[in-house]
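The numbers here are math on the coordinates, done by the rules we state, and not lab data. Please read these numbers as outputs of a predicted model, since none were measured by experiment. In this analysis, Cβ positions are derived from the backbone assuming ideal geometry, glycine residues included, and neighbour counts consider all displayed protein chains.
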């Protein structure tokens, strides 16, 4: 085998290897790479609201959740003795 034939064989190998891999992967992927339960069930995914009334309902739900969380955190802060006046006076004392 001469040097030119060897270089041609290397070139052919380097060229055909990725093409062969892509061909193998691209043929009948459902049978080869099917993993049951890999992708989540579409019914369990978040649904993006598309209609204006759905968007308004979602915004109302988000606002209600945010308000509830704020009330819960404020109640916990009061329970721990943290008030807005204490926080403001501590901020001022840190600056001086």
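Quick notes on this one:
- Over 21 Å [Cα-Cα, the chain], rounded percent: 73
- Rg/Rh ratio calculated on Cα atoms of the range 1-41 (Kirkwood radius): 1.36
- With the highest mean first, a sort of the peptides 51-57, 1-7 on other beta-carbon atoms found within 10 angstrom per residue produces 51-57, 1-7.
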